[in-house]
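Quick note: the coordinates plus some simple rules give every number you see, no bench work behind them. Here the structure is a predicted model, which means the values were calculated and not measured. Here Cβ is always computed from backbone atoms with ideal geometry, including for glycine, and neighbour counts include all displayed protein chains.
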Amino acid sequence: MQSKITKKPSATITVNNKQLELPVYGGSVGPDVVDIRKLYAQTGVFTFDPGFTSTASCESQITYIDGDEGVLLYRGYPIDQLAEHSSFLEVCYLLANGELPNTAEYQRFAKDITYHTMLHAQFDRFFEGFRRDAHPMAIMVGTVGALAAFYHDSTDINDPVQRTIASHRLIAKMPTIAARAFKYSIGQPFVSPRNELDYASNFLRMCFAVPAEDYKVNPVLARAMDVFFILHADHEQNASTSTVRLAGSSGANPFACISSGIACLWGPAHGGANEAALNMLEEIGHVDNIPEFIRRVKDPNDDVRLMGFGHRVYKNYDPRAKAMQKLCHAVLKETGGLDNPTLKVAMELEKIALSDEYFVSRKLYPNIDFYSGITLRAMGFPTSMFTVLFAVARTVGWIAQWTEMMEDESQKIGRPRQVYTGAPKRDYVALDRR
Ligand code: ACO
């Protein structure tokens, strides 16, 4: 990656009575950064930023978020325009290559992805090793990491051709693995990918077709799946992407790195939130129960949170949530679920939260997960699959970020430090004298 950082007037700090001038850099849009790389060498102190709330960990040219304004851009293109007009594969190309493809580039890319959708036949035996009640995310973490054992001809991270092949394999095989994790959990036979179908339709078919019947992909649901994938495709340096970059910084192979991203995504504060949000909405059950639930959320002695609300970066409406709400209505209309009590609870909860002082003062707005659970449930997915679908979509973001890091020659192994508050040096005491 060619650095596009620009120099700005420097900043000065005083540490231990020593004044230090620190370089300041700017990007194309967004906040400037203070370069503290030499701080420790020159002053002997570290910066302290657990949770990385004020830390830019890298230079990136992929995704931009303005959390205060509720803006999300992939390579400069607003997410709502991409969700309205684009397709997921086009967005994959954009994230991976930096520009929207022309027709020939698109066709070539779509072919490359389509022809990598199958899995090694022996790979299917992996799934049988899992218990039937295994969470599909547990299966994803294990099997995606195991891709390195099957496709080691694309694990040389220093070879750009192998990196591209690994990227195509990951984008292409992730839906096949996800569909198998689903089929395995419900005891149905695996369905092979079909090359004549588009990415989302192929995925839905692998999830829902059974040998006993013909399966016709519903175009409304296929488009909804595609838009869901677009909305989740990348989100700059979030927890799972930072995990992928940190794993990759040691030189680990891309399959291992993506597997680490899946593991991080699983948590309820990140990708697991859509599952948690739907569980919460169903637990509330009826609009009459909302006031009591809101009371508990606001009670500082109760650790109940309004799942699907709040975001580390967005202090405004998550722009993806708007598109997801639209998608939710389209899917429920198609599947005849507009009277769905969960939707009613969600809409009422959103209305109350957007006017309640507790949420307003903390800038807690609906995030993408608030409506995605209802949408996915209406499409026929069980809650345990929600985070898996997120992982399928985010794979391209992880791989684009990993590739960008690999192409950045200034990249070093990620190695944060700490402020140590444990015991100072002390001498060992023999067991019989303790
Ligand atoms: N419900 C109720 N109160 C909340 C919520 C919530 N969902 N989120 C934050 N708050 C409150 C906190 O209690 C805190 O209040 P206080 O100042 O009185 O102590 C204040 O808002 C700030 O909260 P933090 O936890 O410091 O905010 P942070 O930026 O660290 O957290 C997070 C962001 C983890 C997303 C949080 O908002 C949350 O837990 N949300 C619910 C889970 C969720 O929906 N996650 C999905 C994120 S989007 C994604 O991963 C795709």
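When each of SER154, SER361 is scored by the number of other beta-carbon atoms lying within 10 Å, the sequence from fewest to most is SER361, SER154.
Rounded to the nearest 20 debye, the dipole magnitude of the stretch 1-55 is 160 debye, with +1 charges on Lys and Arg beta carbons, -1 on Asp and Glu beta carbons, and the Cα centre as origin. Arranged from fewest to most other beta-carbon atoms within 10 Å of their beta carbon, GLU213, GLU90 become GLU213, GLU90. For the stretch 301-391, trypsin sites (Lys or Arg not before Pro) are listed when DSSP marks them as loop and at most 12 other Cβ atoms sit within 10 Å of their Cβ; the list is ARG362. For the pair the stretch 200-269 and the stretch 175-197, the centres of their Cα atoms are 14 angstrom apart.
Ranked by Cβ crowding within 10 angstrom, fewest neighbours first, how are VAL220, VAL144, VAL244 ordered?
With the sparsest Cβ surroundings first, the list reads VAL220, VAL144, VAL244.
Counted by Cβ distance under 10 Å from SER154, the other residues give a net charge of -1, where Lys and Arg count +1 and Asp and Glu count -1.
Loop-resident GluC sites (Glu not before Pro) (DSSP state other than H, G, I, E or B) in the stretch 8-78 with no more than 14 further Cβ atoms inside 10 Å of their Cβ: GLU69. Proximity of backbone amide H atoms, modeled 1.01 Å from N, is registered between GLY267 and GLY272 at under 5 Å, excluding neighbours fewer than 5 places apart on the same chain. Whole-Hz Karplus values for the stretch 102-118 come out as 7, 4, 5, 5, 5, 4, 5, 5, 4, 5, 4, 5, 4, 7, 10, 6, 6 Hz, taken residue by residue from phi with 6.51 cos²θ - 1.76 cosθ + 1.60 and θ = phi - 60°; glycine and proline positions read x. Each part reduced to its alpha carbon centroid, the stretch 1-58 and the stretch 277-300 end up 43 Å apart.
Backbone amide hydrogens, once placed in the peptide plane, bring VAL304 within less than 5 Å of nothing, excluding anything fewer than 5 places away on its chain. Of the residues VAL304, VAL396, VAL191, the one that moves most in a GNM of the chain with alpha-carbon contacts below 10 Å is VAL304.
Highest mobility in the GNM of the chain, judged by mean-square fluctuation with C-alpha springs under 10 Å and restricted to GLY51, GLY285, GLY142, is found for GLY51. Here the Karplus curve 6.51 cos²θ - 1.76 cosθ + 1.60, taken at θ = phi - 60°, turns the phi angles of the stretch 215-231 into couplings of 10, 10, 6, 6, x, 5, 6, 5, 5, 4, 4, 4, 5, 4, 4, 4, 5 Hz, with x standing for Gly and Pro. The charge dipole of the stretch 88-415, taken about the Cα centre with unit charges on the Cβ atoms of Lys, Arg (+1) and Asp, Glu (-1), comes to about 180 debye, rounded to the nearest 20.
Taking each DSSP H run with n ≥ 4 as -39500 (n - 2.57) and averaging over every residue of the chain yields -15500 deg cm²/dmol at 222 nm. Note on the stretch 75-119 and the stretch 332-375: Cα centroid distance 30 Å, given to the nearest whole angstrom. For the listed residue pairs LYS322/LYS363; LYS216/LYS344; LYS18/LYS38; LYS298/LYS322; LYS7/LYS315, the alpha carbons are over 23 angstrom apart in LYS216/LYS344; LYS298/LYS322; LYS7/LYS315.
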